[in-house]
Structure formats: structure tokens, C-alpha cells
Amino acid sequence: MRELNTKIGVFLTTYTQLEIDEEISSYMDSNDSDGCKIFMKELKSFNPKSSYYITKEEAIEITGLEREVNKKHSKALYTNYKGNPFGFSISDVNLYFEDPVLSLKSAFESAAPEFDFEKDLFHIKIVK
């Protein structure tokens with residue numbers, strides 16, 4: 001598990017299948033089926049074939065929306081992340097795409113190169 005901070009108050013935690021299995025086991029060991037359901041409900045994937053595939057609306061909420069008003073860009077563009085993802089010294093990385101899911105995916109490509117987009121999942125935590 002690793003944590004990615006996409007913007008103030010938004011944290012994404014990556015999970016491999018093995019880590020998901022361990023998390024589910026810990027919920028089952030403590031007889032917390034409700035906690036397990038909540039955990040599973042909040043998992044997201046970048047694999048379009050997955051039932052956990054992240055929606056455009058969810059990606060907008062966790063990436064942020066920036067409106068560029070200049071000659072080159074007249075549309076709303078989504079930024080990936082700002083800050084120190086995974087504790088790396090990456091400062092204010094700005095990659096803009098019109099698709100917020102692709103923008104978020106670019107954050108994972110930069111900050112978590114070991115993330116397997118076909119198999120791995122992530123969990124969204126928003127702190128207000």
C-alpha cells in the first residue's frame with residue numbers, strides 16, 4: 001500500500017490483489033462485514049473492464065478542475081496532482097488533459113510506476 005496525495009484533503013491508497021485479500025481477511029477476522037462492504041465499495045480501478053472502474057465524475061472530484069483561458073486552451077482541463085506524492089520530491093507537477101481519468105492515470109504513472117493498471121486497485125479517502 002502506498003498513499004498518493006492528489007490535492008489538499010484527497011488521498012489515494014494503492015492496493016495489490018494480495019493486499020486487498022489481507023484487508024478483507026482482517027475485516028472477516030474481526031467480524032466486521034459492514035466495514036468490509038464499505039472498503040470494497042470504495043475501491044476503484046483504472047481497468048475499464050473492472051466493476052470498480054473509476055467514473056469521470058469521481059476523477060474530477062479527486063484531480064481538480066482548472067480553467068485555462070488563453071489562445072491555446074479554451075476548454076476546462078483537469079490537472080493530475082500537486083504536492084509530494086508518495087513522499088517523493090515532485091513539486092507542482094502539472095499535466096493537463098481534457099479527460100480527468102487519463103489525467104489521474106498520469107499521476108499514477110509518474111508517482112507510482114510499479115502500479116499495475118490492469119490488476120491493482122486504489123482507495124479514495126477525502127478529508128474535509
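The values are calculated or read from the model by the stated rules, or taken from the named source; none is laboratory data. Keep in mind the model is a prediction, meaning the values are calculated, not measured. Here the Cβ positions follow ideal geometry from the backbone for every residue, glycine too, while neighbour counts run over all protein chains shown.
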### Task
Within the range 21-37, identify whether any single residue is of a type in the set (A, V, I, L, M, F, W, C) and closer than 16 Å to Pro100 by Cα, and answer yes or no.
no
### Task
Could you please give the count of residues in the range 20-42 that are touching a Ser or Thr at 6+ places or on another chain (Cβ under 9 Å) and closer than 18 Å to Asp116 by Cα?
0
### Message
For the range 78-93, check the following and say yes or no: at least one residue is at pLDDT 60 or above, over 21 Å from Tyr15 (Cα atoms) and of a type outside the set (Lys, Arg).
### Response
yes
